[in-house]
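First comes the structure, then the notes that go with it.
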Amino acid sequence: MIAGDEGVIRTNDDATNCKRYAIEVGYWKDPFIECFHSGFNKFERKTPEINRGYFARVFSINYLIMKFIRFMNKQRQSFQIVNLGSGFDTLYWKLKAIEKIDGIKSFVDVDMPEVTMKKLHQMRMRPQMLSHLGDDIKYSSMELHSNEYHLVAADLRSTKEMRKKLFTECQLDKSLPTLFLAECVLIYMTVDESNSLLSWISSSFDECIFINYEQVNIFDRFGEIMIENLRQRNCELLDLESCKNLEAQCSRFQNNGWENCNAWDMNTIYKQGIPRHEIERIEKIEFLDEENLLEQLLKHYCLVVAIHGFKNASEIVEEISF
Ligand SMILES: C[S@@+](CC[C@H](N)C(=O)[O-])C[C@H]1O[C@@H](n2cnc3c(N)ncnc32)[C@H](O)[C@@H]1O
């Protein structure tokens, strides 16, 4: 761990708390998030704009992931998923138990040891989590390997460590299509560190797709306040340049070996990408006094889809989109 990492690690508690509250009041369903509740204040209230923002984040990331999976299924192609800075995310369980998807060859959750240790501890206490992992499970104090699912402790800033974890320990196959997900993660690394991670991935996997959710349009008053709030909690946002606007978000991928890239701000996705009936449903849950608070918030987050190496790239770009 290096100076400042504690603050970054704590952002996982914030994300989990916000997701739990939104689930509690009915924005979406996730029976597994409960498994990671220990130590969190169960009823820590969040404002309606935060809840709607989290709903848009979770809905749209799931939507893109499911598009990728259906595309692979249609071609009868197995695939791998790597969740970078996964925190207490329950994606694997949602895909297996709720979506009942086929075709996953390997699924890897990666985070700092302090986070994976807690995640593993919670999982080991809950048979309903382990029951989805099959019988052949190997544990260490901070890692788990099963047939399909792997939880590994690694620092994303070290490509050497990533290579060892993904290829030697999880035995990922470089020739299989692989989806990488980073949800509010890259911004905590310096420009050089995130560039080197992105370039290592594109040079190590033959066909890969990256879904990145994070801040955008950061250089305005709202962005300044966001940066300052996090700084006061000992959490420095480091890769600000890539979060300047949607073009900068795509350039960082294109400069690191990803040939195709699309990016949308969350305001656009909220208004045009999420089905109307879903928006109408969630907008009935809580009254939102000031619409512009939500618009401001959504304008400062984005989703990026970058693609490398696929022969049918244009088909994939069109498919995995809003
Ligand atoms: C804001 S949380 C998001 C967690 C999860 N992706 C989600 O959205 O629910 C950021 C996560 O990234 C992890 N992270 C940040 N930098 C990392 C690094 N260099 N190596 C491994 N994990 C890192 C943190 O420990 C934390 O769990």
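Odds and ends about this structure:
- When residues in the range 122-142 are screened for being under 22 Å from the mean Cα position of the chain (by Cα) and either buried (at least 20 other Cβ atoms within 10 Å of the Cβ) or more than 15 Å from the ligand (Cβ to nearest atom) (or both), 5 of them pass.
- Set 67, 105, 100: member being part of a loop (DSSP other than H, G, I, E, B) and surrounded by fewer than 19 Cβ atoms within 10 Å (Cβ to Cβ): 100
- Being loosely packed, with under 15 Cβ neighbours inside 10 Å and either of a type in the set (A, V, I, L, M) or near the ligand (Cβ under 8 Å from one of its atoms) (or both) is a description that does not apply to residue 185.
- Cross-chain or 6+ apart pairs with Cβ under 9 Å, the range 32-51 first and over 17 Å from residue 88 (Cα atoms) and modelled with pLDDT of 90 or more, then surrounded by 15 or more Cβ atoms within 10 Å (Cβ to Cβ) and of a type in the set (S, T, N, Q): 46/17; 49/296
- Scanning the range 309-320 for residues that are under 23 Å from residue 265 (Cβ atoms) and touching a residue at least 60 places away in the same chain (Cβ under 8 Å) yields 316, 319, 320.
- Criterion (over 17 Å from residue 107 (Cβ atoms), within 15 Å of the ligand (Cβ to nearest atom) and in a loop (DSSP other than H, G, I, E, B)) met by exactly one of 234, 212, 217, 229: 234
- Yes/no for residue 155 being surrounded by 15 or more Cβ atoms within 10 Å (Cβ to Cβ), in contact with a Gly (Cβ under 7 Å, 6 or more places away or on another chain) and of a type outside the set (Val, Ile, Thr): no
The values are calculated or read from the model by the stated rules, or taken from the named source; none is laboratory data. The structure displayed is predicted, hence computed values, not measured ones. When we count neighbours, we look across all protein chains shown, and the Cβ atoms used for this are built from the backbone with ideal geometry, even at glycine.
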